[in-house]
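Notes to accompany the following structure.
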Amino acid sequence: MDKQLILPYCDLYAACLRDESRTVGHADSVSFPRSEDEVRQILHALHEAGTPVTVQGARTGLAAAAVPRGGHVMTTGGMDRVTGLRQENGRFYLTVQPGVVLLNLRKMIAKREFDTAGWSEASLTALEAFRTAPAHFFPTDPTETTAAIGGMTACNASGARSFRYGPVRPHITALRCVLADGQTVALRRGQHFAQGLHFSLPTAEGGTVEGDLPSYTMPRTKNASGYYVAPDMDLLDLFIGSDGTLGVLTELELALSPLPRISWGATVFLPDEEAACRYAEAVRSQVKCAAAIEYFDPGALDILRQRKAQGDVFATLPDLTVAGDGAAVFTELHCDHRKEAMAALATLGTLAEQCGGCADRSWVARTETENETLRHFRHAVPESVNSLIDQRKQAYPTITKKGSDMSVPDGRLLEVTDMYRRTLAEEGFQYASWGHIGNNHIHVNILPRDMDEHARAKELFRRWAAVVTQMGGAVSAEHGVGKLKAPFLTIMYGEAHIRQMRQLKRLFDPKMQLGRGNLFAVEDEA
Amino acid sequence: MRTIVCVKQVPASNEVRLDEKTNTIIRDGGEAVINPFDSHALEAALALKEQLGGTVAVLSMGIPAAAEMLRQCLARGADEALLLTDRAFAGADTLATSYALFQGVEQLGDFDLLLCGKMAVDGDTAQIGPELATRLGIPHVSDVFSLECSGDSVTVQRELGGCVQTLRLPLPAVLTVTRELNVPRLPSIAGVLRSETVEIPCRSAAQIGADEAQCGLKGSPTQVVATFLPQRTREVVELTDTAALLPIIKGGAGLGTGD
Amino acid sequence: MALVIDTSLCVGCGACVGGCPNGALALENGVAAVDENVCVLCGVCVQNCPVGAIDIPRETNAPDTTAQHRDVWVFAQRSEGLAEVSLELTGLARRLADSKGQSVTALLGGGTEDEAAQLIAAGADRVILGTQPALAQMLEAPYTDWICRLAAEYKPEILLFGATPFGRSLAPCVAARLQTGLTADCSVLDIDGETGLLRQTRPAFGGNLMATIVTPHHRPQMATVRPGVMPLPAADAARQGQIVTDDAAVAPGLVELLQEVRDGGGSALQKAEVIVSVGRGIGQRKNMKLAEELAAKLGGVMGVSRPLVEMGWATQDRQIGQTGTAVAPRLLIACGISGAIQHLAGIAGAKTVVAVNTDPNAPIFGAADYKVVADAAETLRALIDALE
């Protein structure tokens, strides 16, 4: 192989050692493949010695899945081409390399302009049709728009709109993946299924990967915790959300969805968290065109209020009146007819009044400018919390916010938020919560004031993981497990099932090279 | 307190590019929106209504579809709207626009304060407010970034490039406002639902007693005789790596080029 | 008045359709058709049509009194002494007047003989020195009254103002009173050789397009001119000119000046020697920190383009451009700024411009000395690392 593909690590590549979780790892060598063939060559070269390989997309993850613990780091960011378009039964499917960044993907789809160098005739014909078809979009909307599609697939990413459109999973219709030994599997939805929990998967090189799936039952809730397994499952789903532990994704096919003609937002204010939960549950059951239901707790609104008073960019946030605005719930409405949207808005007003809010004290966004104002508001919440933590870092350099990512099944929302509030009060923590209340998935962010609180926050999350598991919930609903949440996965599925997961991994990756430390703690791999 | 706010519908984007093949100009204005500066004028009016009571009327000259923009103003809390729409108004420059709006203001009756945005983002002329004030024969101040109103006079501040003036005007008066004045509110659910059923009054030139000779293209002293894309002015050197860039920025910043 | 499409000439190329800012044109049965409910007669399609099939016929209603008007006038604004733009305007007026064989008059309110002499040295043939106390303050009403009275008496053919905040507010008051046209923010002014009309060129559509405008039948032809665009004329102390003192009463108006506080004239951006500016191409809001970091390393400040202010990522005092601050640093590093001309107008004074953008055709490169086709955030990171 071309020796240039694997480069010894030096400080120039320091960025490859970290991700948005702000943890830092170490590595001996790095590579920046530009094609599937290069990925294959690199993996083949590293396989004999069994060198650990950590695969990275755009390093925007929050669970440290992309952070290497020695060995080799492979960054797929250079594989950033859109390679084709397919039309079938009126739907469009875009084939992309894993390094394509969400922001750019959205731009290309919205403008319907792609770099078509090397596209097949069929793809170019599909593009002609795409340009005259009604507008389309790719629905998954994680906050971090610089995320790479490969990384989003590896952790089965979600976003606010996952309430309506689900996580990345249903929007992936085919993928190619290079295994640790350099063999390739190509999967298309609907073609390769497990028989019960037994499976057999052919590789492009003529080999076969065969074995048994773990026997656990996944929670019936938003979930990005561990391998997706179910009897008779489509084997494509095994690779989505596998946290870079089974192979290196080299090509993905994305199903595009028709862009709804109307996209409106409405934020209502409610007296407290309990009222907000009741409102969110009512919206979930009564507003059919809700695409996202998002929550901001009193702590988050307080921090925003303080930041706004301090001026700077937060000064352009809309006014948050002090009295009576305990908590806020944002609902995004997606539909094709104005009448339907107006009716939904009226329902939101009625529900807000029923839950102690006020239809006159609410924010509606119907134009792009207004939607941008609400986006600004939603993004300002985590940003203001981060800037608060940055201030505390001056006294305690290693302090971080501790953010949870747990979800529970429908009907358990009031119970779990009550548990959060009670235990947080017992510990005396400062915290701010926000997130996907429509999916019963609220990120609680503890803002430790010192290192003792930092340690106690970690411990509290362990206790929560056990309670949430008992409720039938997931310990990581969208960020993926990575390295940081691996201990929670054990709490969720138990040691026996973790062993099954490890066995499954070994079928694809006999030397346990890929994504070491992701999903299962590294010491278990010896 | 009765405030009239003049608002204009503008394209959301001012993007322009040249089709190299046909040498024609291509524009994609996107959706039509309320001129952002006018949003701040409306917010100021609504805040005054909350503080002193009274009503807020919004006035626009535009195509029939501008009625929807006025409806959005009602959703935010304006009480009354009037749209001046007529082929006779088309092609108006600022003098003809201020004439039509002047006639529209007469239709709305007595008022205490007339507010405009500092300028429209598609025209950037900043002339409508002062021209309207001159036609109405009442005092005006442009580019106001702070505003206090007592009910019979208004005290404002403006920046005049190098100095800040504090000025007092008796009412009625005309003010044009900057973005710094306030943060525009979003409409409420109740406001949107209320506005949805309102009929927006539309008036033609004849209906408001306007002299057609002073309206639109006919009443506009200025004529556009050519439009073209701006020319590039500098010779540009393309650099392909940071190393080549470094001496330039070091030199530019007076840090020495390091070699 | 309406848009007239000559369907016998129209070839159905669609150039008018793509160029219409308001989406008023479409092809119907292979030829252009206009939706009169949407068309605002802006005239872009008339320019765009390659076969001359579109026209907006004009009828004029103005009694043509243009022949009675002559000479070029400038309003000489003061601001702690004569404003620089007043001299720029006088130099410009001189050139315009020379090409028409006319004279230049400068209007100086509340000024000194010495300032009048400066205007003469810059090209004025006559300075009318207004001595009424009301003209000592920068207020529109007394100036409107004064200028309109003089204009009615002397009938100038051209009347120019600096496009300063005060000039942009005063000029429309004068134009409305005189019932004439006014073109804002001109960057090029010249006399049409054929018609003798003042050709006034200004940015349109947020500066992405330039428009040339004339005022054929109304006088004076009025324009405001952007400060810093016209060259400062060399002072010619030998030039002769007349200083006329005018002490006739002016109506003071109803606006009362309570306080005037000098704020030093200029923000941190205006004074900066080095500016790192960022636009939408920076991608993520958090990447703005990189620009701040590089600026700090270079002893400069960070500026932004208008979209970032509109997105709430930065406050307006950071905004560079026609509606923000015009800057003149020694070094400007523009990162992820596409370069609407409105922004380019604000950076025309920069000595060295380095532009970084992923789009090799971004207009910013037309105003740059050095072009880097790359991701803004990555380039910033690389530069910061390299400087460490």
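The values are calculated or read from the model by the stated rules, or taken from the named source; none is laboratory data. Everything numeric in this text was worked out from a predicted model, so none of it was measured. So basically every Cβ, Gly included, is an ideal-geometry build from the backbone, and we count neighbours across all protein chains shown.
Restricting to region C:1-57, what's the tally of residues that are among the β-branched types (Val, Ile, Thr) and part of a loop (DSSP other than H, G, I, E, B)?
Initially, region C:1-57 is screened for residues among the β-branched types (Val, Ile, Thr), giving C:4-5, C:7, C:11, C:17, C:31, C:34, C:38, C:40, C:44, C:46, C:51, C:54, C:56.
If we keep only those that are part of a loop (DSSP other than H, G, I, E, B) too, we end up with C:7, C:11, C:38, C:40, C:51, C:56.
Number satisfying all stated conditions: 6.
Among the residues of region C:345-388, which ones are basic (Lys, Arg) and under 22 Å from the mean Cα position of the chain (by Cα)?
C:LYS351
To keep it simple, each residue is scored yes or no on (1) farther than 30 Å from B:HIS40 by Cβ; (2) at pLDDT 90 or above.
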| site | (1), (2) |
| --- | --- |
| A:VAL381 | no, no |
| A:SER384 | no, no |
| A:ARG392 | yes, no |
| A:THR398 | yes, no |
| A:SER433 | yes, yes |
| A:ASN439 | yes, yes |
| A:LEU447 | yes, yes |
| A:HIS454 | yes, yes |
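For region C:147-158, does any single residue satisfy the condition of being at pLDDT 95 or above and within 19 Å of the chain's Cα centre (by Cα)?
Scanning region C:147-158, I find at least one residue that is at pLDDT 95 or above and within 19 Å of the chain's Cα centre (by Cα), so the answer is yes.
Kindly provide the set of residues from region A:239-297 that are within 14 Å of chain B (Cβ to nearest Cβ), aromatic (Phe, Trp, Tyr) and in contact with a helix residue (DSSP H, G or I) (Cβ under 7 Å, 6 or more places away or on another chain), ordered by number.
Those that are within 14 Å of chain B (Cβ to nearest Cβ), aromatic (Phe, Trp, Tyr) and in contact with a helix residue (DSSP H, G or I) (Cβ under 7 Å, 6 or more places away or on another chain): A:TRP264, A:TYR279.
From the list C:GLY18, C:GLY30, C:GLY23, pick out the single residue that is at the interface with another protein chain (Cβ under 9 Å from one of its Cβ atoms) and either aromatic (Phe, Trp, Tyr) or more than 20 Å from B:GLY62 (Cβ to Cβ) (or both).
Checking each option against the conditions leaves just C:GLY18.
Being out of contact with any helix residue (DSSP H, G or I) (no Cβ under 6 Å at 6 or more places or on another chain) and within 8 Å of chain B (Cβ to nearest Cβ) is the filter; apply it to region C:354-369 and report the residue that is surrounded by the most Cβ atoms within 10 Å (Cβ to Cβ).
C:ALA368
Output yes when any residue across region B:197-204 is β-branched (Val, Ile, Thr), within 21 Å of the chain's Cα centre (by Cα) and at pLDDT 85 or above, and no when none is. Walk me through how you get there before you give the answer.
Filtering region B:197-204 down to residues β-branched (Val, Ile, Thr) leaves B:197-198, B:200.
Remaining after also requiring within 21 Å of the chain's Cα centre (by Cα): B:200.
Remaining after also requiring at pLDDT 85 or above: B:200.
Among the residues of region B:197-204, at least one is β-branched (Val, Ile, Thr), within 21 Å of the chain's Cα centre (by Cα) and at pLDDT 85 or above, which makes the answer yes.
Please find, within region A:94-109, the residue that is nearest to the chain's Cα centre (by Cα) out of those that are assigned to a helix (DSSP H, G or I) and touching a residue at least 12 places away in the same chain (Cβ under 8 Å).
Applying the filter and picking the extreme gives A:LEU102.
Just one of the numbered conditions (1) at pLDDT 90 or above; (2) at the interface with another protein chain (Cβ under 10 Å from one of its Cβ atoms) is not true of C:GLU293; which one?
The single condition C:GLU293 does not satisfy is (2).
Take the residues of region A:110-123 that are in a helix (DSSP H, G or I) and free of Cβ contacts under 8 Å to residues at least 24 places away in the same chain: which is surrounded by the most Cβ atoms within 10 Å (Cβ to Cβ)?
Among residues in region A:110-123 that are in a helix (DSSP H, G or I) and free of Cβ contacts under 8 Å to residues at least 24 places away in the same chain, the one surrounded by the most Cβ atoms within 10 Å (Cβ to Cβ) is A:LYS111.
What is the number of the single condition among (1) under 23 Å from the mean Cα position of the chain (by Cα); (2) within 10 Å of another protein chain (Cβ to nearest Cβ) that A:THR400 does not meet?
(2)
Looking at region C:251-289, which of its residues are more than 28 Å from C:CYS335 (Cβ to Cβ), outside any loop (DSSP other than H, G, I, E, B) and within 28 Å of the chain's Cα centre (by Cα)?
C:LEU257, C:GLU260, C:VAL261, C:ARG262
Of all residues in region A:194-212, which are touching a strand residue (DSSP E or B) at 6+ places or on another chain (Cβ under 6 Å) and either closer than 25 Å to A:LEU94 by Cβ or surrounded by 13 or more Cβ atoms within 10 Å (Cβ to Cβ) (or both)?
Within region A:194-212, A:LEU197, A:LEU201, A:PRO202, A:THR203, A:ALA204, A:VAL209, A:ASP212 qualify.
Here is a check on your reading of the model: is A:ALA300 in contact with a strand residue (DSSP E or B) (Cβ under 7 Å, 6 or more places away or on another chain) and at pLDDT 95 or above? I'd like the intermediate steps shown before the answer.
Values: in contact with a strand residue (DSSP E or B) (Cβ under 7 Å, 6 or more places away or on another chain): yes; at pLDDT 95 or above: no.
No: the conditions fail for A:ALA300.
Given region A:1-83, what strands (runs of 3 or more DSSP E) lie entirely inside it while holding 3 or more residues that are more than 24 Å from the chain's Cα centre (by Cα) and either β-branched (Val, Ile, Thr) or not assigned by TED's automatic domain parsing to the domain that holds A:LEU252 (or both)?
Passing ranges, in order: A:29-31.
With the structure loaded, tell me whether A:LYS483 is in contact with a Lys or Arg (Cβ under 9 Å, 6 or more places away or on another chain) and not hydrophobic (A, V, I, L, M, F, W, C) or whether it fails that test.
So A:LYS483 fits the description; yes.
Return a yes/no flag: does region C:136-151 have any residue that is among the small types (Gly, Ala, Ser) and over 23 Å from B:ALA173 (Cβ atoms).
yes
Considering only residues that are modelled with pLDDT of 95 or more and surrounded by fewer than 24 Cβ atoms within 10 Å (Cβ to Cβ), look in region A:136-154 and name the one that is farthest from the chain's Cα centre (by Cα).
Checking each candidate, the answer is A:HIS136.
I'm checking my understanding of the structure. Among residues of region B:112-130 that are under 10 Å from B:VAL177 (Cα atoms), within 8 Å of the chain's Cα centre (by Cα) and within 11 Å of chain C (Cβ to nearest Cβ), which one is surrounded by the fewest Cβ atoms within 10 Å (Cβ to Cβ)?
Selected residue: B:MET119.
Can you tell me which residue within region C:186-225, out of those that are surrounded by fewer than 23 Cβ atoms within 10 Å (Cβ to Cβ) and of a type in the set (D, E, K, R), is farthest from C:LYS155 (Cα to Cα)?
C:GLU194
Would you point out which residue out of C:GLU84, C:GLU88 is closer than 21 Å to C:ILE147 by Cβ, of a type in the set (D, E, K, R) and more than 13 Å from every other protein chain (Cβ to nearest Cβ)?
On the way: C:GLU84 fails: more than 13 Å from every other protein chain (Cβ to nearest Cβ).
Going through C:GLU84, C:GLU88 in turn, the sole match is C:GLU88.
Those residues that are facing another protein chain (nearest Cβ under 8 Å) and either buried (at least 21 other Cβ atoms within 10 Å of the Cβ) or over 30 Å from B:PRO139 (Cβ atoms) (or both), I need them from region B:185-200; list them, please.
Narrowing region B:185-200 to residues facing another protein chain (nearest Cβ under 8 Å): B:185-193, B:196.
Residues satisfying the conditions are B:LEU186, B:PRO187, B:SER188, B:ILE189, B:ALA190, B:GLY191, B:VAL192, B:LEU193, B:GLU196.
Among the residues of region B:29-66 satisfying the criterion of being in a helix (DSSP H, G or I) and within 13 Å of chain C (Cβ to nearest Cβ), which is farthest from C:CYS42 (Cα to Cα)?
Filtering region B:29-66 for residues in a helix (DSSP H, G or I) gives B:36-52, B:66.
Narrowing the set further to residues that are within 13 Å of chain C (Cβ to nearest Cβ) leaves B:36-37, B:39-40, B:66.
Details: B:PRO36: 21, B:PHE37: 21, B:SER39: 24, B:HIS40: 26, B:ALA66: 17 Å.
It comes out as B:HIS40.
If the Cβ limit is 7 Å and pairs must be 6+ apart or interchain, which residue in region B:111-140 that is of a type in the set (Val, Ile, Thr) pairs with which residue that is assigned to a strand (DSSP E or B)?
Filtered contacts from region B:111-140: B:VAL121/B:VAL10; B:THR125/C:ALA184; B:ILE128/B:CYS6; B:ILE128/B:CYS116; B:ILE138/B:ALA173; B:ILE138/B:VAL174.
Considering each residue of region C:154-208, count those that are of a type outside the set (Gly, Ala, Ser) and within 17 Å of C:THR144 (Cβ to Cβ), and give that number.
Total satisfying the criteria: 18.
Would you confirm, using the coordinates I've provided, whether C:ARG149 is more than 12 Å from chain B (Cβ to nearest Cβ), closer than 25 Å to C:ARG126 by Cα and out of contact with any Lys or Arg (no Cβ under 9 Å at 6 or more places or on another chain)?
Details: more than 12 Å from chain B (Cβ to nearest Cβ): yes; closer than 25 Å to C:ARG126 by Cα: yes; out of contact with any Lys or Arg (no Cβ under 9 Å at 6 or more places or on another chain): yes.
Judged against the criteria, C:ARG149 is a match.
Can you name every residue in region A:316-365 that is of a type outside the set (Gly, Ala, Ser), assigned to a loop (DSSP other than H, G, I, E, B) and without any contact (Cβ under 8 Å) to a residue 60 or more places away in the chain? I'd like the intermediate steps shown before the answer.
If we filter region A:316-365 for residues that are of a type outside the set (Gly, Ala, Ser), which is where we start, we get A:316-322, A:325, A:329-340, A:342, A:345, A:347-348, A:350-351, A:353-355, A:358, A:360-361, A:363-364.
If we keep only those that are assigned to a loop (DSSP other than H, G, I, E, B) as well, we get A:317-322, A:325, A:336-337, A:355, A:358, A:360-361.
The answer is A:PRO318, A:ASP319, A:LEU320, A:THR321, A:VAL322, A:ASP325, A:ASP360.
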